[in-house]
Amino acid sequence: MSEKQEHKKRYNQRLQYIAEFSKWLDAEPPMVRIFAWRRWKKRRPVWKEAGE
């Protein structure tokens, strides 16, 4: 792949991660519901490098 295509791919992956992370944050339950909060915390999105 050319440098330009690689850059675009990494950029799009970064935007996708940011969108997933924002969606995850918006779904946070109140800490009073400790079990639901723990499940929510375990579902945190993981950053994947472009090469993976």
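The values are calculated or read from the model by the stated rules, or taken from the named source; none is laboratory data. Values in this document were obtained by computation on a predicted structure and should not be read as measured data. Note: ideal-geometry Cβ built from the backbone for every residue, glycine included; neighbour counts use all protein chains shown. Keep in mind that these areas ignore ligands, DNA and RNA; they rest on the heavy atoms of the full protein, side chains included. Shrake-Rupley method; radii C 1.70, N 1.55, O 1.52, S 1.80 Å.
The portion of the accessible surface of the chain made up by carbon and sulfur, rounded to a whole percent, is 56 (1.4 Å probe; DNA, RNA and ligands excluded).
Give me the lysines in straight-line cross-link reach of residue 9: C-alpha distance below 22 Å, same-chain residues under 8 apart excluded. Straight-line reach from residue 9, under 22 Å: 23, 48.
A Cβ-based charge dipole, computed about the Cα centre of the chain with Lys and Arg at +1 and Asp and Glu at -1, lands at about 260 debye.
Fraction of C-alpha pairs exceeding 12 angstrom in the chain: 69 percent, rounded to a whole number.
Expressed in nm to one decimal, what extension gain is obtained for the pair residue 43 and residue 6 from 0.36 nm per residue of sequence separation less their Cα-Cα distance? Intermediate results must be reported in sequence, preceding the final value.
Working: separation 37, 0.36 × 37 = 13.32 nm, distance 2.81 nm.
Working it through step by step, the gained length comes to 10.5 nm.
Ranking 19, 1, 36 by how far each Cα lies toward the positive end of the dipole of the chain (charges on Cβ) leaves 36 at the top.
Any idea what angle helix 3-26 forms with the longest principal axis of the chain, computed on alpha-carbon atoms, 0 to 90 degrees, nearest 10? That works out to roughly 10 degrees.
Excluding ligands, DNA and RNA, what is the solvent-accessible area per residue of the chain at a probe of 1.4 Å, expressed in Å²?
94
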